[in-house]
Amino acid sequence: MELEDEIFDDGLPKAYYKQNDKGQYVLEKKANAPWAEKVSCSLIILANRANLEEIRNAVLAGQKSPLCYYMEMRQMTPGMLAKAAGIAAFRVKRHFRPEIFAKLKPSVLNRYSNALRISLEEIKIVPTI
């Protein structure tokens, strides 16, 4: 199975961008889209997967908190997570430290779990593969 087929297995029609004669980007819905768009999309997703695995390993090694993993999984920045959870960005970054994260009150964890759309139990651990 190609990476693209694995990524886009939701059954929805695929769409790609291509340049028209005027140099403007337009949607291309044909199955024979230029390979460059397919490759670049696949490379971006591969890079995201690799980064997520690196963060997961750092969490398992005790270098980062699970919060960092779930933020990356949702492709958020600390600023985005701060806004979504209603917590200052500097505090979000501070909560990436495992020793600080372990001491968080349930009310703060609840704000994070709501922002990340995961349960309170999930936010405390990272999935094992």
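Bear in mind that the values in this text are calculations on the coordinates, not laboratory data. None of the values given here were measured: they were computed from a predicted structure. Cβ sites come from the backbone with ideal geometry, for glycine too, and all protein chains shown count toward neighbours.
For the reader, a short list of remarks on this structure follows.
- Packing-based ranking of 116-127, 62-73 yields 62-73, 116-127, ordered from highest to lowest mean Cβ neighbour count within 10 Å.
- Computed P(r) (all Cα pairs; the stretch 36-129; 10 Å bins; percent): 17, 48, 26, 8, 1
- Once the Cα-Cα distance is subtracted from the 0.36 nm per residue extended length, the residue 26 to residue 122 segment shows a gain of 30.5 nm.
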